[in-house]
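Taking it in order: structure first as structure tokens, then the write-up.
The values are calculated or read from the model by the stated rules, or taken from the named source; none is laboratory data. Keep in mind that this is a model prediction, so the values were computed, not measured. Glycine gets a Cβ as well: all are built from the backbone with ideal geometry, and neighbour counts include every protein chain shown. Areas reflect the complete protein model, heavy atoms only, side chains present, ligands, DNA and RNA absent. Shrake-Rupley method; radii C 1.70, N 1.55, O 1.52, S 1.80 Å.
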Amino acid sequence: MDMTMFRNYLKIGIRNLWKYKSGTVINVIGLSTGIAAFLLITLTIRYDLNFDKHFEDIDQLYRVTVKNYSANGELSRHWALASAGHADRLKEDYSNIENSARIYMSSFPDLTYKEKTFPKEQVVFTSEDFFSIFSFNFIKGNNENVFPDLYSIVLTESTAIKIFGNDWKDKNIIGRSIELASQKTKAPFKVTAVIEDMPDQQHFHFDYLAPIRFLELDFDEDAMNRIGGNYNWLTYIKVSESTNIQELEDQINNQFWDKYIGAFDDGTMARDYYDFYLQPVTDIHTKSNLNGEVERNTPMRLLQIFGVIGVLLLLIACINYMNISTSHYSRRMKEVGVRKVVGAYKTALVKQFLIESMLITFISIPFCLSLVYFAIPQMNRYLEINLVFNLLDEPGLLLLLFLVIIIVSIIAGLYPALFLSKISLISTLKGEQKFSDRWKFRSILVTFQYCVTIGLIFSIVIIENQLQFIRKSDPGYNRENVIRMNLPRGFNKELFKNDLLSNPNILKASYSSRIPTGRLNDYWGARHFRGDSLVNTDFRLSVVSVDPDFMDTYEIELVAGENFRDNMLTVLDWDTVVSSYYIINEAASKALGYQNANEVLNEKIKYGITQGRIIGVVEDFHFESLHNEIEPMLFIYQENFRGLSAKISSNNIQESLDHIEETFAKYESATSVQYNFVDELFERQYLKEKISANLIKVFASIAILISCLGLIGLVGFTIETKLKEIGVRKILGASPANIWHMISNDFLTLVIVASIVSLPVMFYLMNEWLNAFQYRVDISMLNIILPILAALLITLATISYQLINATRVNPVECLKDE
């Protein structure tokens, strides 16, 4: 094609786009919206897939995770964390492991610099090898001597600004002291380095890093070197480049547990209860949902779903263009005929229509980009991510956009080009319209649009039903108007609690190590007595430390026995077995072999370093989310906690909060109290599902919009092909209702066909999604009927205006050429 012909095609294309303004506008809206949705989904998927890939030698980095098995061989827990002693021993024993590092995250000391106090800051304790495994950019200092002594600390740029001010770089802060106050120790730490803030696309984020040797002042030697249990340590290894990771993992599992634990007291082997899994760091964000995950991950399945939705939206936009373009064919028949008379070949006509398609696509791009730039800040705020869209700085995005333009132009324009170029010369000049086969193909295209739309509506109905079920379900405890706060170390807990309860608006208060909506991550090891014999439990029995007011504060029902009394306090002593009392839930009672809760009372248990009897059984309740089955639980009364739950009056919420803040200030003037409402924490458990549901709603709305635009085009096409039939029917006495039924019947049939095709597939997919919940709704017949009704109503609403015009047509105008 020479430039003269190209310019000619371009001029004609521009004239036709201007001539058929309504079709042009509809196509531009459809294509710009569809491409914008596709780009936004692509950016979101790319964001999640690029997690942790900025680290050097990322393919050699692995997280050490631990699998726990019950006595019957079933997987009990898969931990994202390891024991304290794993990191050093793995490096010592296996030459393929170049470096190992452990990280302790459960330390929240108060930080003080001069007159400023920063309470409960998360200080991460690790070794210098951490900086050899993970590559960080140092602004001040370097990774060769990060922790020169026990009292060293590394800051991120944000924390340097928070502590020392925006001009921290001019103050030479290296060597300055920050005081850390932990439960047992208070000491000045010297700033030895400042690193850049950790990128958003990283599976962990820390603000302060200190040497792990400091923990030896708080922990004993056994706690720092424990091999089994105590899963509180993020553990990473860097392997040599040639390592076969599966062979290394098998070798470790075959040797490690026998070497360091061997057999338990009852003769069972540790290797039957533990396994290591070496997880690639690049898999953590999208392929991991283990116990003790540091941050919220995004399942790969969700990304795949959104990827499919993005492609479907793009296809719907292309189909929409096909329908609009072919609906105008009767207006362009004579143009095509004249071109053929003067010698135009089929290829020339195809080129003409493809260039028009490309023109439409190019015109759509500025509107598309405007939508993307407008939507990105909203998505970032809503999803709490940091999407960036800069075509000039990212050649890959520019190439993607160019490919999208070419592919969309070809897909959207090829069928209309072939359709219009195949019109016979005689038919065009006579004005005949015989395209029944091509009408069938367009029906298939519209049916596909309906399938996508109905499927998305169906998924919205199911997701909303499940979320409503979660909101309305009774978790077995009362979460309304209960707040949770963490208190600083050294706080006089009992005096604070009593001062709170002196206000009539504070109805109840309780201390506990964990609260409902949390994770049951604590397990000390359980054995129970059968007669005089001590037997290992073949199930996991998680523990929560509480005070006697916990059950009352959360209104958890006792079904047997009694609650804790003040004289039942367990004082832990790691050097000896201490006497204790326990309350368990119904699931634990049944797991121990007692169907009647009263029968388990006074049964003896050895739990960790404690031994005692069961004094009560509480009704089963959902401590964790409805994703998880209710599991056996044990409650123990001991004081190793700083979390306070308080139930406040619903009549004076603000007054109650003011009283809590004032009371807290009496005990801690340097900072204000931080609290959360438990019902908000409950809702946060299902944040992922809510975000997914809202995104699907947005994309479903876009699909409906584009489909409606396509329907407008196809209805126009249908009316044009049946104008003479409409005229004849009107002459023979057909009413507007008869004509309306004749035209709309085809589209309603397509809705039914699309429902038959789409709903079985979506039923299977949504049932699989619901199976991720241990407690879920069933898919009812109403759930199936609603998407069909919605599609029918959308169809009728979309085509009604054009049908009204069709029923008003003058028969003379229709038949004047006959």
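Could you check F564 against (1) touching a Pro at 6+ places or on another chain (Cβ under 7 Å); (2) open to solvent by 40 Å² or more (accessible area, probe 1.4 Å); (3) touching a residue at least 60 places away in the same chain (Cβ under 8 Å) and say which number it fails?
Status for F564: all satisfied but (2).
Somewhere in the range 45-57, is a residue open to solvent by 20 Å² or more (accessible area, probe 1.4 Å), touching a residue at least 24 places away in the same chain (Cβ under 8 Å) and either under 30 Å from I630 (Cα atoms) or of a type in the set (D, E) (or both)?
yes
Taking the conditions exactly as written (without any contact (Cβ under 8 Å) to a residue 24 or more places away in the chain and of a type outside the set (S, T, Y)), does Q304 satisfy them or not?
Yes.
Scan the range 698-721 and give yes if some residue there is among the hydroxyl-bearing types (S, T, Y), in contact with a helix residue (DSSP H, G or I) (Cβ under 9 Å, 6 or more places away or on another chain), crowded, with 16+ Cβ neighbours inside 10 Å and farther than 30 Å from Q466 by Cα, otherwise no.
Within the range 698-721 (the criterion being among the hydroxyl-bearing types (S, T, Y), in contact with a helix residue (DSSP H, G or I) (Cβ under 9 Å, 6 or more places away or on another chain), crowded, with 16+ Cβ neighbours inside 10 Å and farther than 30 Å from Q466 by Cα), the answer is yes, since at least one residue qualifies.
When you scan the range 225-239, how many residues do you find that are in a loop (DSSP other than H, G, I, E, B) and at pLDDT 95 or above?
To start, the set of residues in the range 225-239 that are in a loop (DSSP other than H, G, I, E, B) comprises 226-232.
Next, only the ones that are at pLDDT 95 or above stay: none.
Of the residues in the range 225-239, 0 are in a loop (DSSP other than H, G, I, E, B) and at pLDDT 95 or above.
List every residue pair whose Cβ atoms sit under 8 Å apart, with the two residues 6 or more apart in sequence or on different chains, where the first one lies in the range 574-593 and is surrounded by fewer than 16 Cβ atoms within 10 Å (Cβ to Cβ) and the second, anywhere, is part of a helix (DSSP H, G or I).
W574/D222
In the range 464-506, how many residues are of a type in the set (K, R), surrounded by fewer than 15 Cβ atoms within 10 Å (Cβ to Cβ) and within 19 Å of E662 (Cβ to Cβ)? Talk me through it step by step, then tell me what you get.
Let us first name the residues in the range 464-506 that are of a type in the set (K, R), namely 471-472, 479, 484, 489, 493, 497.
Keeping just the survivors that are surrounded by fewer than 15 Cβ atoms within 10 Å (Cβ to Cβ) gives 471-472.
Cutting the leftovers down to within 19 Å of E662 (Cβ to Cβ) gives us none.
Qualifying residue count, the range 464-506: 0.
Between a residue in the range 677-697 that is open to solvent by 40 Å² or more (accessible area, probe 1.4 Å) and any residue that is in a helix (DSSP H, G or I), which pairs come within a Cβ distance under 7 Å, given they are 6 or more apart or on different chains?
K690/L467; K697/I460
Residues D552, D532, D547: which one is more than 26 Å from the chain's Cα centre (by Cα), crowded, with 19+ Cβ neighbours inside 10 Å and among the acidic types (D, E)?
On the way: D552 fails: crowded, with 19+ Cβ neighbours inside 10 Å; D532 fails: crowded, with 19+ Cβ neighbours inside 10 Å.
From the options D552, D532, D547, the qualifying one is D547.
May I ask you to list the residues in the range 382-402 that are at pLDDT below 85, farther than 22 Å from F362 by Cα and not hydrophobic (A, V, I, L, M, F, W, C)?
Those that are at pLDDT below 85, farther than 22 Å from F362 by Cα and not hydrophobic (A, V, I, L, M, F, W, C): Y382, E384.
Just checking, how many residues over the range 263-279 are at pLDDT below 90 and assigned to a strand (DSSP E or B)? If you could, list the steps in order and put the result at the bottom.
First pass over the range 263-279, keeping only residues at pLDDT below 90: 263-274.
So of that shortlist, the ones also assigned to a strand (DSSP E or B) come out as 263, 269, 274.
Within the range 263-279, residues that are at pLDDT below 90 and assigned to a strand (DSSP E or B) number 3.
I'd like the full set of residues that are assigned to a strand (DSSP E or B), of a type outside the set (V, I, T) and crowded, with 17+ Cβ neighbours inside 10 Å, limited to the range 116-144. Spell out how you get there, then give the answer.
We begin by selecting, within the range 116-144, every residue assigned to a strand (DSSP E or B); these are 116-118, 123-126, 138-140.
With of a type outside the set (V, I, T) added as a condition, the list becomes 116, 118, 125, 138, 140.
Those that are assigned to a strand (DSSP E or B), of a type outside the set (V, I, T) and crowded, with 17+ Cβ neighbours inside 10 Å: F118, F125, K140.
Residues that are modelled with pLDDT under 85: find the helices (runs of 4 or more DSSP H) completely inside the range 281-346 holding 1 or more of those.
Passing ranges, in order: 300-327, 329-341.
Can you confirm whether D552 is without any contact (Cβ under 8 Å) to a residue 60 or more places away in the chain and either out of contact with any Ser or Thr (no Cβ under 6 Å at 6 or more places or on another chain) or more than 15 Å from R77 (Cα to Cα) (or both)?
Values: without any contact (Cβ under 8 Å) to a residue 60 or more places away in the chain: yes; either out of contact with any Ser or Thr (no Cβ under 6 Å at 6 or more places or on another chain) or more than 15 Å from R77 (Cα to Cα) (or both): yes.
In short, yes.
Given the criterion within 21 Å of L17 (Cα to Cα), crowded, with 16+ Cβ neighbours inside 10 Å and at pLDDT 85 or above, identify the matching residue among I405, I423. Break it down into steps so the answer makes sense when it comes.
Numbers: I423 fails: at pLDDT 85 or above.
It is I405.
Which of the residues belonging to the range 752-782 are surrounded by fewer than 18 Cβ atoms within 10 Å (Cβ to Cβ) and in contact with a helix residue (DSSP H, G or I) (Cβ under 6 Å, 6 or more places away or on another chain)?
If the condition is that a residue be surrounded by fewer than 18 Cβ atoms within 10 Å (Cβ to Cβ) and in contact with a helix residue (DSSP H, G or I) (Cβ under 6 Å, 6 or more places away or on another chain), then V753, V757, V777 are the ones that fit.
Name the one entry in T112, T65 that is crowded, with 19+ Cβ neighbours inside 10 Å, among the polar types (S, T, N, Q) and more than 25 Å from the chain's Cα centre (by Cα). Step through it out loud before you land on a result.
Values: T65 fails: more than 25 Å from the chain's Cα centre (by Cα).
Criteria check complete, one pass: T112.
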